[in-house]
Structures are given as C-alpha cells and as structure tokens.
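The structure appears below as structure tokens.
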Protein chains: 2
Amino acid sequence: MTRVYVPDVQVETLVVEVVGDEAHHLTRVLRVRAGDSVGVFDGRGREWRTQVGAITKSSVSLIVEREVSPVPEPAVRVTLAVGLLKGDQMDAVVRDATVMGVTAIRPVVTDHVAVPSKTWRDNRGQARWHRVAVAAAKQCGRAVVPTIAPVTPLVGLWPTADAPDAANLTLACVEPAAMQGGTARDWRTAARPSAALLLIGPEGGWSGEELAMFTERGAHTVSLGPRTLRAESAPAVALTLLWAAWGWT
Amino acid sequence: MTRVYVPDVQVETLVVEVVGDEAHHLTRVLRVRAGDSVGVFDGRGREWRTQVGAITKSSVSLIVEREVSPVPEPAVRVTLAVGLLKGDQMDAVVRDATVMGVTAIRPVVTDHVAVPSKTWRDNRGQARWHRVAVAAAKQCGRAVVPTIAPVTPLVGLWPTADAPDAANLTLACVEPAAMQGGTARDWRTAARPSAALLLIGPEGGWSGEELAMFTERGAHTVSLGPRTLRAESAPAVALTLLWAAWGWT
C-alpha cells in the first residue's frame, strides 16, 4: 500500500490535503489515481486509511476512511547515538535504524570521528537524515519517524541536572578486544528497561578515554561478535540482539 | 593488520609468493614495504603471520613467521540460500553474509525473482561474488571465505538420493503476514544443529507454493519482526538472531 507522511495531520480531519514534495511523489512517482487507497501516517505513531479524491497540479486530496492500527512499536524505546560516518554510510545507518525500530537518533562527535567538521558543523545533515528516516518509515510500514537530534559531542548525551535523560539503560557496543577489561558489564545481565541509549562508535571505534567514561557512567557493553563489522552494519546487528532479548514489540 | 588471501598456500611453506591481483593490491593500494607484518589466510580457516621480504614489479615474497589462531568460526555451519537480487544488493548480501559468518552462499531463482535471467544464466555473478566474499573476509578478520555456489532453482537446494544435504535444519525467513499459517514451526523450538540451511527470499518474498513447500519439507520459519526489512538487510538480521540463540562461535 502507498503510504504518505503528513506530520501535521489533524485527528478530526476528514480530508487530508497533501502538497509539496509528498504530493509530487504521490502523483509523479507513485502515480496514484482517484479512488486508490493510501495510508497516511503522522510520524508519531498514528495511521489512517484514506482514498484518493481530487488531484490537482500541486495537491492531492485524501479522504479519510478510518484510523488503522499501525505496525507495533518496540516495547523498549531505544535512542541510537552513533559516531558520525561519511554521507552514504550515515544515510544507511539512519535508514536501517528507522527500519529496526529506534525512537530517536543522535549523531555524535567522538574522539575517532574522521569526517571533516565542515560536513556537520552547521547541522546540514539533520534535514537530510530526517528525509531518509521518512522514506524508510514509509517503506517498512512504521507510523513513527525517529527524531533526529542535532550533532552533539559525546559527553552531551548524558543528562545534566536541568535535563534528565529518559534512558534508564546505557549500552555501548564495543569491539571484541575492548571487552577484555574486567569492569565491563554485559548488557544481558540488565533487566529489560523502558528506554535505552545505544552507543555505537564511528569507523575507528572508541578511544580509551571514551571506554573508561562508559564504565564510569555505568554503561553496559554489547559485543557484536568476534568478526569486525562495517560501521554502518553495526546498528542493525545491535538492534537485532536487543529485540531478540526484549521482543520485537 | 594487512591480510592477504592465498587459497593454495602450502602448510609446510616458509615463503609465500604472492602474484597477480593480490600482489598488486599489496604493493599499489596497501603500499606494504619490506619488514611489514602481513597476515596470510587460505580461505579454509588457517592463517599465518608473515613478514614482507622481496618486492618485485609483479610479486611479493612473504616470509612465514608462525601459524596463528584465526578468528573463531560459528559453531553452526550456516548455508545462506538467497533469492537473486540486483547487482549491488546481491554484493551487499554476499559481503554481509561473509562478515556474519556463513559457510556457503547459494544464490537461487525463486518465483518472485525479478532480475532478468540474462544476468544470471551463465553464472557470471559467481566469480564476482567470490571476489566480494574475499574482500569481506579480509576486512572482518575471518580466515574462511564462504563458497559461492552456481545459481540454482530453489528446488535444487534439497538433497537427492545421490547428494544428501549436509544441513540438518532448514530455516525459512518469512514476512510477518506469512507467519499466520498454523502449520509454521518456529525455529526457536528446534535444538541447535551442527549445520543449517537459511532461506531468504528475493525482494518480492516467497510465493504461496514456495511457502507450502517449506512446510512440506519440514522447514522451520524465522520471523524478522513486524517491520518490513529491505531484502539486502535481511541476511544480517537473520544471522544475528541465529548467533544470539546459538552463540557467535
């Protein structure tokens, strides 16, 4: 079924007017016609079945038939904090993380981030990554579009007195060698939380200081096995491990 | 560490002569110099630490120092049978499946395969996919390169009287809707086998006939969750589920 993202849809609405890029996509790419069924989702977890009404050059009217049950969300709200990768890798991470059910994505600058600061300094990635997340949500059937936070330094992830963090479990994905330290706490010993912060490093992994900070802040560690994954594959593998333990929904 | 694939390396050898593409890669791309450490693996699970000796225009001599313990292989030998996808997606599947530890890859033609037959009829993909698997093995640290079988029809996967199949558990990844049938056997009810055949459909999923055949042949089904994955992401997710249950090694 064709699905369209309308973030400002009103619940009491009977007709949804789609304009701009989404209208263009519906008429020119997906070539919908009057009478076709189209799903409308608001990106925050609600979805409606609609039927295409009038089509003009710049807009499509969708007549709401009924609200439908969206694809279920995971029971645990996971925020993925990921060390910045280069453009296409970062797009792949946002796409896969969306399909794999994360609630939010926080791109972070870490000691081993190798992409030049001019590519992220003005947060130009944020709008692009949002578009990638919207496209992924459409395709995978989710009615939720993960929020994309502005790029922040790694330490900015932790709560301050003013802004306590919602995550009650912090999980750091580490490479096999970094698991050797006796202080690492395996994530599987932790009970299922209601929310979790999942940390995945950039291409070059974590620095010693960062690993020490994770221990100090009570993070649990997640091993992704003995083989070295590509950085952009790590989120899907890590999230699969979490859902295998906590359930997909 | 730089790693090089030498499939015909002799165990008793003291010096490995690398020629051809691998030599070119070592000298022109990785720019090794005399005295550098290089790992040599045979693609069948053995690995040696060597030191670069003489470098000529077309060859590199590697002086064997000692055999080393390779990255451990999974306890369960998994053959991935995957419905043909288009070129770059298929490359991604071969790369991810290699990194995720499969023993063999069998590209199959299924009812919903959408790539034109001229792209696979003469098996021209086989050599290319082997190169992708070698590159992935080098990067992920494995000393095993999965074998790539010629393209076969789906039914060719099952053993005949002449050629009994080594796999003692068949697992079919199915989309959420296909799980509804009461006859599906969940893979998690099966004991850990020594070998398994993991079936992943093409972009369009399985046909009704194929699903019926899986049931008839005693396959267990693997659900990859309620959200629709991209076809090329499914192998990494499915393999992660298997290793989460059976162990990474």
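Miscellaneous remarks
- Label distances, nm, B:Val29 versus same residue in remaining copies, Cβ-directed 7 Å point: 3.3
- Full extension of the segment from A:Ala195 to A:Ala75, taken as 0.36 nm per residue of separation minus the current Cα-Cα distance, would add 42.3 nm.
- Cβ-vector label at 7 Å, B:Arg66, separations to other copies in nm: 7.1
- In the range B:63-99, the residues that give up 10 Å² or more of accessible area when the other protein chains are added, compared with the chain on its own (1.4 Å probe), are B:Val71, B:Pro72, B:Arg95, B:Asp96, B:Val99.
- Accessible area of the protein assembly as shown belonging to carbon and sulfur atoms, whole % at 1.4 Å probe: 52
- Computed over neighbours whose Cβ is under 14 Å from that of A:Thr215, the net charge equals -2, Lys and Arg +1, Asp and Glu -1.
- Cα lying deepest toward the dipole's positive end in the protein assembly as shown, options B:His220, A:Thr189, B:Thr98, charges on Cβ: B:Thr98
- Accessible-area value, B:Met100, 1.4 Å probe, nucleic acids and ligands omitted, Å²: 10
- Among A:Gly43, A:Gly218, A:Gly101, residue whose mean-square fluctuation peaks in a GNM of chain A (springs only between Cα atoms under 10 Å): A:Gly218
- Contact surface B-A: accessible area buried, both sides summed, square angstrom, 1.4 angstrom probe: 2200
- Environment charge at B:Gly205 (Cβ cut-off 12 Å; Lys +1, Arg +1, Asp -1, Glu -1): -4
- Contact order for chain A, expressed relative to its length and based on alpha carbon pairs under 8 Å spaced 6+ residues apart, stands at 21 percent.
- With protein chains left intact and a 1.4 Å probe, residues in chain B average 46 Å² of accessible area per residue.
- Nearest 10 degrees, 0 to 90: helix A:234-246 Cα axis against chain A principal axis: 90
- Using only side-chain charges placed at the Cβ, +1 for Lys and Arg and -1 for Asp and Glu, the dipole size of the range A:2-68 relative to its Cα centre rounds to 300 debye.
- For the protein assembly as shown, with +1 on Lys and Arg beta carbons and -1 on Asp and Glu, the positive-most of A:Pro150, A:Thr119, A:Ala245 along the dipole: A:Thr119
- Net charge over other residues, Cβ less than 10 angstrom from the Cβ of A:Gly83 (K, R count +1; D, E count -1): -3
- Cα shape, the range B:77-246, gyration tensor, a/c 1.5 rule: rounded
- Whichever lysines have a C-alpha closer than 21 Å to that of A:Lys118, once near sequence neighbours (fewer than 8 apart) are set aside: A:Lys86
- 18 Å cut-off, amide nitrogen to a point 7 angstrom out along A:Ala245 Cα→Cβ, residues in the range A:98-118: A:101-103
- Inter-copy label distances at B:Ala212 (7 Å, Cα→Cβ; nm, one decimal): 6.6
The values are calculated or read from the model by the stated rules, or taken from the named source; none is laboratory data. Predicted model only: the values in this text are computed from it and were never measured. Neighbour counts are summed over all protein chains in view; Cβ atoms, including those assigned to glycine, are modelled from backbone coordinates with ideal geometry. Just so you know, the surface numbers come from the protein's heavy atoms only, side chains and all, with ligands and any DNA or RNA stripped out. Shrake-Rupley method; radii C 1.70, N 1.55, O 1.52, S 1.80 Å.
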